[in-house]
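Here is the structure we will look at.
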Amino acid sequence: MYSLAIYIYMFCVNVVAIFNKKARLLMAGHSKTYRILREQIDPQAQYIWFHAASLGEFEQGRPLIERVRRNYPQYRILLTFFSPSGYEVRKNYEGADVVCYLPFDTALNARKFLRLARPCMAFFIKYEFWQNYLSALHRAGIPAFSVSSIFRPDQIFFRSYGQRYARVLECFTHFFVQNETSRQLLASKGLTNVTIVGDTRCDRVLDIRNEAADLPVVEQFVADSSRKVFIVGSSWEPDEDVYLPYFEKTRHKLIIAPHVVSSDRIGKLRQRLSQMGKQVALYSEMERQTDSEALRKADALLVDCYGKLSSIYRYATVAYVGGGFGVGIHNVPEAAVYGVPVIIGPNNKKFKEAQDLLKAGGCFETDGQEAFNRLMQRFDTEPDFLTRAGEVAGHYIKDNAGAADTIFRKIDFQNIPRYGEHRKRPDFDGMKH
């Protein structure tokens, strides 16, 4: 049934690709995977494989990738993505030796991929439970780890109709989960090969903060210290319907990095701000200019490029992380690490760090325009409230860092058998004892 569903999904993506650019990128990328592996995999080298569905999961896995790279340079890194939003942004990531798409999870693809990629160890980040790939790894005796995974009672593994698919969990060598609830749910399936480590995302955002680049464009834009700075990351149109009206009559500086960066999306947002009487600057245009007068006069800065947001948040008085009025919020720790309060929409229940920060008082939920206005008025008129919320957010990230180091210490990277030799080493399970 699982494999049939995968084939149906493949067919649907092929049809959608006729009309949808993202689907076309996906199919084109998949078609190149085996050629990339044939040309770039060195059969004499040992490859540690990391798989991330998209960009967010990659950022969670990145702290571990970079620790392996730094401490065990004898291994090569193979990085795979499923989504174009991950691959297209990180296809030139220097921390990996080979970067490609992971083809659809059919038994044939799994066998072919492993034969060409020849991994000696595999890591799947967060929600990645690919039945055929994991089964193939398990049969070959290759250790497979689930990193930063989080489980909930409503997932298919814990439903009566999901008993067969739940067997995929038995293919993992070890689970490094985010919380106690996940450990208990796995225990209900008889799985005790579990360690609670928290979320590696906290490690990653601390690394980003420590390595944050200088951004002259933003520094000139926020130079007027009399004006507060409201920064929006990964926003969608429903988010903008909530937060934009508040700023029509305020002097706040706005920096907006929409989730989708396209000429159409940026154009509509620019027009909307202009109709509010705001002077708008585009990041890409300002980077090419030496005259900062336009930046000083601008009320809003639209970030029409990728890769800047994680450093931009440090200039915020208050941050807003989008997605909470749609499929789900984006990266809350990325903003919180700078010690600023974060506002999010209501679709946040699946995100542990958001739930923790909501309880602690470093993050705040808004369910609409009126609630947002009330919250912003408090931030604007109660400086102690603003300061305390920011401190809580920053301390939460610091206090919950260390997951990547814990995982790194528990895995035996020194004695990994070469591809094809794992069955000759039944004593090796990938863990230190």
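A short reminder: the numbers here are calculations on the coordinates, not readings from a lab. Values in this document were obtained by computation on a predicted structure and should not be read as measured data. Reconstructed Cβ throughout: ideal geometry from the backbone, glycine too, with neighbour counts over all protein chains shown.
Around Glu170, with a cut-off of 13 angstrom between Cβ atoms, what is the net charge of the other residues, counting Lys and Arg +1 and Asp and Glu -1?
Net local charge, Glu170 excluded: +4.
Can you spot the aspartates and glutamates whose alpha carbon is less than 17 Å from Lys112's alpha carbon? Ignore those fewer than 8 places along the same chain.
Glu39, Asp42
Viscosity 1.306 mPa s, temperature 10 °C: Stokes-Einstein D of the chain from its Kirkwood Cα radius, in µm² per second? Display every interim value, and only then the final one.
Values: Rh = 23.2 Å.
Value of D from the Cα-based Kirkwood radius: 69 µm²/s.
Show the residues, 5+ positions off or on another chain, whose built amide H is closer than 5 Å to the amide H of Ile411.
It is Lys432, by chain and number.
Over the alpha carbons of segment 259-368, what is the largest minus smallest coordinate on each principal axis, giving the biggest first in Å?
44, 26, 24
Can you tally the lysine pairs in segment 213-399 where the Cα-Cα distance is under 24 Å and the two residues are eight or more apart, or on different chains?
Pairs that pass both the separation and distance tests number 25.
Could you please report the charge total around Gly361, scoring K, R as +1 and D, E as -1 over all other residues with beta-carbon less than 15 angstrom from its beta-carbon?
-4
Take the Cβ-Cβ distance between Lys278 and Asp429 as r, set R0 to 51 Å, and report the resulting FRET efficiency rounded to the nearest 0.05.
Numbers: r = 59 Å, r/R0 = 1.15.
Calculated value: 0.30.
Along each of the three principal axes of the Cα atoms of segment 263-311, give the extent in whole Å, ordering the values from largest to smallest.
Here the Cα extents, ordered largest to smallest, are 26, 24, 17 Å.
Just to confirm the number: angle between the C-alpha axis of helix 55-71 and the first principal axis of the chain, 0 to 90 degrees, nearest 10?
Here the helix axis deviates by roughly 60 degrees.
When the dipole is taken about the Cα centre of segment 213-399, and only Lys, Arg (+1) and Asp, Glu (-1) are charged at their Cβ, what size is it in debye, to the nearest 20?
Details: 23 positive and 26 negative charges, 20 e Å.
It comes to approximately 100 debye.
To test your reading of the geometry: what angle, between 0 and 90 degrees and rounded to tens, separates the Cα axis of helix 2-16 from the longest principal axis of the chain?
So the helix axis and the longest Cα principal axis differ by about 40 degrees.
Taking GluC sites (Glu not before Pro) that fall in a DSSP loop and have at most 16 other Cβ atoms within 10 Å as cut points, what is the longest piece of the chain between them?
Values: sites that count: Glu94, Glu211, Glu421.
That would be 212-420.
Label points 7 Å out from Cα along the Cβ direction at Val261 and Gln377: separation in nm?
About 3.7 nm, to one decimal.
Counting only C-alpha contacts under 8 Å and six or more residues apart, can you give the relative contact order of the chain as a whole percent?
Values: 752 pairs, mean separation 58.6, N = 433.
Worked out over the chain, it gives 14 percent.
Select from Leu302, Tyr338, His51 the residue farthest towards the positive end of the dipole of the chain; place +1 on Cβ of Lys and Arg, -1 on Cβ of Asp and Glu, and compute about the Cα centre.
Highest projection toward the positive end goes to His51.
Can you figure out the FRET efficiency of Thr387 with Asp241, using R₀ = 35 Å and their beta-carbon distance, to the nearest 0.05?
Numbers: r = 29 Å, r/R0 = 0.83.
Working from the Cβ atoms, E equals 0.75.
Show me, bin by bin at 5 Å from 0, the whole-percent P(r) of segment 213-399 based on Cα pairs.
Final binned percentages: 1, 8, 18, 22, 23, 16, 9, 3, 1.
Within segment 264-323, report the trypsin sites (Lys or Arg not before Pro) that DSSP leaves as loop and that have at most 11 other Cβ atoms within 10 Å.
Arg288
Among Tyr101, Tyr246, Tyr396, which one shows the highest mean-square fluctuation when the chain is modelled as a Gaussian network with alpha-carbon springs under 10 Å?
Tyr246
Would you calculate a helix-derived [θ] at 222 nm for the chain, using -39,500 (n - 2.57) for each DSSP H run of n ≥ 4 and dividing by the full residue count, to the nearest 500? Write down the numbers at each step before the final one.
Details: 19 runs with 190 residues, N = 433.
That comes out to -13000 deg cm²/dmol.
Roughly how many Å is it from the Cα centre of segment 270-315 to that of segment 168-195, as a whole number?
Value for the Cα centre distance between the two parts: 46 Å.
On a 0 to 90° scale, report how tilted helix 383-399 is relative to the longest principal axis of the chain, with both axes built from alpha carbons and the result rounded to the nearest 10.
10 degrees
Could you work out how much longer the chain between Leu108 and Ala17 gets when fully extended? Use 0.36 nm per residue separation minus the Cα distance between them, nm to one decimal.
So the extension gain works out to 30.5 nm.
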